[in-house]
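So the structure is just underneath, and the comments pick up after that.
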Amino acid sequence: MIPVIVLDDPELAAPLARALLAGGIRMLEVTLRTPRALDCIAAIARDVPEAIVGAGTLRCAADASAARRAGARFGVSPGFTPAIGRACQELALPLVPGVATSSEILAATEAGFRALKFFPAMQAGGMALLKAWQGPFGDIVFCPTGGIHAGNAADFLALDNVACVGGSWLVPADALAARDWPRITALAREACALRG
Ligand code: 3PG
């Protein structure tokens, strides 16, 4: 269960990470979609070492270097390019590259990646596409994100080729703005219970 986090205030980073940890979630993806996302990653890496913080929305090799410097322990990209793959391999930054088609899976596996983000999952074909991939890509595991929520996460997790799911529903913008940590802990707890 990986929350896809959009955060721009480093002061909120550690309390948010602790709220998610209290609900049972350790893997945190902080997306590089805000000016201070890297500072938020650095704050979590420094202040909440028991969390495993990664950088999401890596779109180029420079994003990967910046994420590594900030203390990210893994990277996630919405798509795949050989340049991003190479940069992460050179930095020893574990990467979950994004795919939405069979050709993209071939490109990512050719570069050595076997655990892939399926994005945008609901829009690109949802569970039906994941089931179709079980034939030709039976050795690949996916993390679907995009349109996943508490109501459909369990169905995705039940598929043999789904290792985890991600989504922004775990950290709603209004809960973050209100610093409503108990609500975020409750959402995390509810999500973790879906794993069965
Ligand atoms: C992602 O980058 O994985 C998505 O922005 C998450 O999609 P969601 O907002 O539909 O959960």
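What to note about this one:
- Given (1) of a type outside the set (Gly, Ala, Ser); (2) part of a loop (DSSP other than H, G, I, E, B); (3) within 16 Å of the ligand (Cβ to nearest atom), number of the condition Glu50 does not satisfy: (3)
- When residues of region 1-16 are limited to those that are under 20 Å from Ile148 (Cβ atoms) and modelled with pLDDT of 95 or more, the one nearest to the ligand (Cβ to nearest atom): Val4
- A count restricted to region 118-166 and to residues that are closer than 22 Å to Ser103 by Cβ and hydrophobic (A, V, I, L, M, F, W, C) stands at 19.
- Taken over region 145-196, the residue count meeting the criterion of being assigned to a loop (DSSP other than H, G, I, E, B), surrounded by fewer than 19 Cβ atoms within 10 Å (Cβ to Cβ) and either within 18 Å of the chain's Cα centre (by Cα) or without any contact (Cβ under 8 Å) to a residue 60 or more places away in the chain (or both) is 16.
- Members of region 103-122 found to be in a loop (DSSP other than H, G, I, E, B), crowded, with 18+ Cβ neighbours inside 10 Å and more than 16 Å from the ligand (Cβ to nearest atom), listed by number: Phe113
- One residue stands out among those in region 1-32 that are charged (D, E, K, R) and touching a Leu at 6+ places or on another chain (Cβ under 9 Å): the one that is nearest to Arg59 (Cα to Cα), which is Asp9.
- Candidates in region 76-102 are the residues that are in a loop (DSSP other than H, G, I, E, B) and either within 16 Å of the ligand (Cβ to nearest atom) or modelled with pLDDT under 95 (or both); of these, the one that is farthest from Ala61 (Cα to Cα) is Ala100.
- Across region 17-46, the number of residues qualifying as within 16 Å of the ligand (Cβ to nearest atom), over 23 Å from Leu157 (Cβ atoms) and either in a helix (DSSP H, G or I) or charged (D, E, K, R) (or both) comes to 4.
- Within the option set Ala67, Ala55, Ala62, being of a type outside the set (S, T, N, Q), crowded, with 20+ Cβ neighbours inside 10 Å, farther than 18 Å from Ala177 by Cα and out of contact with any Ser or Thr (no Cβ under 9 Å at 6 or more places or on another chain) holds for one residue only, Ala67.
The values are calculated or read from the model by the stated rules, or taken from the named source; none is laboratory data. These numbers come from a predicted model, not from an experiment. Quick reminder, even Gly has a Cβ in these numbers, built from the backbone with ideal geometry, and neighbours come from all protein chains shown.
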